[in-house]
């Protein structure tokens with residue numbers, strides 16, 4: 001979100017993403033849903049004008065079409081996410097647990113700006129990188 005909309009961490013997110021050119025980045029189908037949802041929330045709450053929402057969505061779609069791998073989400077991922085969410089000590093949101101479950105199944109590293117997500121991953125055997 002910070003990469004394609006104006007947020008406090010936008011410059012950091014954009015710099016990190018720009019440095020990853022050719023690195024074979026992947027997102028999941030769930031990220032596609034979350035991105036649209038986050039844009040809608042920003043629009044409803046007045047944080048983003050309609051033109052900004054449409055522009056960010058178009059930029060996201062272009063980024064995906066430009067080479068991001070989009071990983072499928074399976075029922076097994078949801079079951080693993082439920083097990084991860086059962087770790088009450090990690091205070092994971094369902095969506096974060098799902099991101100970690102997908103990465104775990106693929107052996108991927110989760111790159112995030114969310115400290116709670118970044119700290120939880122290693123506790124669950126999932127590599128994370130705090131951007």
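The values are calculated or read from the model by the stated rules, or taken from the named source; none is laboratory data. Model, not experiment: these values are computed from the prediction. Here Cβ is always computed from backbone atoms with ideal geometry, including for glycine, and neighbour counts include all displayed protein chains.
Given the condition touching a helix residue (DSSP H, G or I) at 6+ places or on another chain (Cβ under 8 Å) and in contact (Cβ under 8 Å) with a residue 60 or more places away in the chain, answer yes or no: does some residue in the stretch 33-54 qualify?
yes
Given (1) modelled with pLDDT of 95 or more; (2) in contact with a strand residue (DSSP E or B) (Cβ under 7 Å, 6 or more places away or on another chain); (3) under 20 Å from residue 13 (Cα atoms), where does residue 119 come up short, assuming only one miss?
(2)
Just name the residue that is modelled with the lowest pLDDT out of those in the stretch 61-77 that are over 20 Å from residue 100 (Cα atoms) and outside any helix (DSSP H, G or I).
Result: 67.
Is it the case that residue 26 is surrounded by 12 or more Cβ atoms within 10 Å (Cβ to Cβ) and under 21 Å from residue 115 (Cα atoms)? I'd like the intermediate steps shown before the answer.
Numbers: surrounded by 12 or more Cβ atoms within 10 Å (Cβ to Cβ): yes; under 21 Å from residue 115 (Cα atoms): yes.
For residue 26, the condition - surrounded by 12 or more Cβ atoms within 10 Å (Cβ to Cβ) and under 21 Å from residue 115 (Cα atoms) - is met.
Considering only residues that are closer than 16 Å to residue 100 by Cα and in a helix (DSSP H, G or I), look in the stretch 14-32 and name the one that is nearest to the chain's Cα centre (by Cα).
31
Kindly indicate which of 77, 99 is touching a strand residue (DSSP E or B) at 6+ places or on another chain (Cβ under 7 Å), surrounded by 19 or more Cβ atoms within 10 Å (Cβ to Cβ) and under 18 Å from residue 32 (Cβ atoms). Spell out the reasoning first.
Details: 77 fails: touching a strand residue (DSSP E or B) at 6+ places or on another chain (Cβ under 7 Å).
Only one candidate passes the filter, namely 99.
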